[in-house]
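Worksheet: one structure, shown below.
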Amino acid sequence: MYLKMYKAIKIENVSQIEVTCSTCKACCCRLEVMLISDTGVPVEHIAVDKWGGETMLRLDDGWCSALDRDTYLCTIYENRPWICREFEMGSYDCRSERAVHLIDPV
């Protein structure tokens, strides 16, 4: 009989501040978002790389072109990419990205 020993994975100390629509700050809108399915993203918000891969267009400031800079809301919410739909507000990934941009203290 073999007994395997597993080492616990250390989880970073990520802020417990509640993330809501009014406190979001859209950090995820700085990430590169690949378009892996057709959700109806308008062509003016799509960038195509030299291999034909499609991503959400990011402007010179690094933010997604579909982000309203005043409200931090998505201007194409009903047609946003699948990855954006799956990136859950307040999730570990969300909080980690907020920490990178110093929005939540770690």
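Identify all residues within region 41-70 that are closer than 16 Å to Cys27 by Cβ and among the basic types (Lys, Arg); write none if there are none.
Arg58, Arg69 - these are the residues of region 41-70 that are closer than 16 Å to Cys27 by Cβ and among the basic types (Lys, Arg).
For region 74-92: of the residues being assigned to a loop (DSSP other than H, G, I, E, B) and modelled with pLDDT under 90, which is surrounded by the most Cβ atoms within 10 Å (Cβ to Cβ)?
Initial filter on region 74-92 (assigned to a loop (DSSP other than H, G, I, E, B)): 75-76, 80-81, 87-91.
Then keep just the ones that are modelled with pLDDT under 90; that gives 87-91.
On the way: Phe87: 17, Glu88: 11, Met89: 13, Gly90: 15, Ser91: 14.
In this case the residue turns out to be Phe87.
Within region 46-59, is even one residue surrounded by fewer than 15 Cβ atoms within 10 Å (Cβ to Cβ), of a type in the set (D, E, K, R) and at pLDDT 95 or above?
No, region 46-59 contains no residue that is surrounded by fewer than 15 Cβ atoms within 10 Å (Cβ to Cβ), of a type in the set (D, E, K, R) and at pLDDT 95 or above.
The values are calculated or read from the model by the stated rules, or taken from the named source; none is laboratory data. Since the model is a prediction, treat every value here as computed from it, not as a measurement. Cβ coordinates were reconstructed from backbone atoms using ideal geometry, including for glycine residues, and neighbour counts include every protein chain displayed.
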